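Q: Quick one: the structure is below, questions incoming.
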Amino acid sequence: MNELLEIRQLNGFYKKKQVLTGIDLSIAPGEIVGLVGESGSGKSSLAKAILHAGIRTEGEIRLTGKAQMIFQDTYHSLNPAMTVGRIMEEPLLIEGRLTKEERKQRVRDMMGHVELDLTLKDRYPSELSGGQRQRVCIGTALLNDPKLLIADEPVSALDVTVQAKVLQLLDRLNAQDGITLLFISHDLRVVYELCNRILIMKDGRIIEQGSDEEVFMHPKEPYTKKLLSAIM
Ligand SMILES: Nc1ncnc2c1ncn2[C@@H]1O[C@H](COP(=O)(O)OP(=O)(O)O)[C@@H](O)[C@H]1O
Ligand SMILES: [Mg+2]
């Protein structure tokens with residue numbers, strides 16, 4: 001098996017309440033997989049299960065390498081008391097392998113990589129635009145050296161033009177760096193643009209999956225057809 005992530009018969013619970021049921025899925029290295037479903041269907045809970053954080057699970061989750069997550073709410077994802085440079089340096093500090101000069105250089109390189117102007121290094125999150133903050137989140141996540149990046153509604157709070165640019169960035173990181181993406185969205189349109197494969201989630205289950213073409217052109221489930229009709 002050369003899958004990056006393999007999930008078998010996963011159930012997820014908050015206290016006694018079951019919110020994930022019988023999830024089976026595999027993600028291969030280099031894929032961009034879209035996870036779609038309406039609010040409350042369990043998308044974020046599945047992400048939490050993969051990170052083993054904040055949800056009790058049964059079943060099997062096998063992940064090769066590290067996963068990192070980025071969120072819709074970039075403001076609360078970033079420490080407001082730290083500058084951008086300091087925020088991005090944090091994972092390298094924790095890792096503790098590089099000298100101060102090497103860390104500064106890695107942060108500068110990463111800022112370039114995620115297309116952040118270097119002059120933003122000494123700014124605070126509150127002084128940045130939403131798009132710039134999401135780039136800081138993405139760069140910081142990448143400095144943790146993940147194999148899988150889970151993006152939970154990463155562009156849902158952004159203007160359409162800014163959305164398009166952040167999606168381009170994620171696409172480029174996949175193509176250039178080979179980063180594997182699990183892209184969570186309630187917006188099928190965005191998912192169709194970016195993803196090679198689509199999972200449809202409803203009431204804690206994955207009810208349909210296939211290539212972007214299959215799911216878009218030949219949806220099987222009435223629920224998927226309903227999601228599609230909402231954007232046509
Ligand atoms: N921390 C929590 N405690 C209890 N119930 C939760 C918690 N987080 C989410 N839920 C419930 O779990 C279900 C799935 O939520 P969630 O995974 O956030 O869905 P989505 O991300 O698709 O909107 C919903 O019914 C939600 O109310
Ligand atoms: Mg969610």
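The values are calculated or read from the model by the stated rules, or taken from the named source; none is laboratory data. Keep in mind that this is a model prediction, so the values were computed, not measured. Positions of Cβ are generated from backbone atoms using ideal geometry, with glycine treated the same way; all protein chains shown enter the neighbour counts. With ligands, DNA and RNA removed, areas are computed over all heavy atoms of the protein, side chains included. Shrake-Rupley method; radii C 1.70, N 1.55, O 1.52, S 1.80 Å.
Q: Which ones in region 10-38 are within 21 Å of the chain's Cα centre (by Cα) and of a type in the set (Lys, Arg)?
A: none
Q: Using beta carbons and a limit of 9 Å, which pairs, at least six apart or on different chains, have the first residue in region 184-210 and touching a residue at least 60 places away in the same chain (Cβ under 8 Å) and assigned to a helix (DSSP H, G or I) and the second one open to solvent by 60 Å² or more (accessible area, probe 1.4 Å) and more than 14 Å from ligand 2 (Cβ to nearest atom)?
A: Sorted first by the residue in region 184-210, then by its partner, the pairs are LEU188/ALA230; LEU194/ASP171.
Q: A further question follows. Return a yes/no flag: does region 145-154 have any residue that is open to solvent by 50 Å² or more (accessible area, probe 1.4 Å), more than 12 Å from the chain's Cα centre (by Cα) and touching a residue at least 24 places away in the same chain (Cβ under 8 Å).
A: Taking every residue of region 145-154 in turn, at least one turns out to be open to solvent by 50 Å² or more (accessible area, probe 1.4 Å), more than 12 Å from the chain's Cα centre (by Cα) and touching a residue at least 24 places away in the same chain (Cβ under 8 Å).
Q: Collect the residues in region 94-112 that are in contact with a helix residue (DSSP H, G or I) (Cβ under 7 Å, 6 or more places away or on another chain) and in a helix (DSSP H, G or I), keeping them in residue-number order.
A: Listed by number, the residues that qualify are ARG103, ARG106, VAL107, ARG108, MET110, MET111.
Q: Assuming LYS43 fulfils every condition listed in (1) open to solvent by less than 30 Å² (accessible area, probe 1.4 Å); (2) near ligand 1 (Cβ under 8 Å from one of its atoms); (3) over 16 Å from ILE150 (Cβ atoms) apart from one, which condition is it?
A: Only one criterion is unmet by LYS43, namely (3).
Q: A follow-up question, please. May I ask you to list the residues in region 155-191 that are buried (at least 21 other Cβ atoms within 10 Å of the Cβ), within 16 Å of ligand 2 (Cβ to nearest atom) and of a type in the set (S, T, N, Q)?
A: SER185
Q: Can you pull out the strands (runs of 3 or more DSSP E) entirely within region 1-86 that have at least 1 residues that are under 15 Å from ARG205 (Cα atoms)?
A: Because the criterion is at least 1 residues that are under 15 Å from ARG205 (Cα atoms), the strands (runs of 3 or more DSSP E) in region 1-86 that meet it are 5-14, 17-27, 32-36, 56-63.
Q: Can you find a residue that is open to solvent by 20 Å² or more (accessible area, probe 1.4 Å), more than 16 Å from ligand 2 (Cβ to nearest atom) and basic (Lys, Arg) anywhere in region 57-79?
A: Yes, some residue in region 57-79 is open to solvent by 20 Å² or more (accessible area, probe 1.4 Å), more than 16 Å from ligand 2 (Cβ to nearest atom) and basic (Lys, Arg).
Q: Could you tell me whether GLY54 is of a type in the set (Gly, Ala, Ser), open to solvent by less than 70 Å² (accessible area, probe 1.4 Å) and in contact (Cβ under 8 Å) with a residue 24 or more places away in the chain?
A: No, not satisfied.
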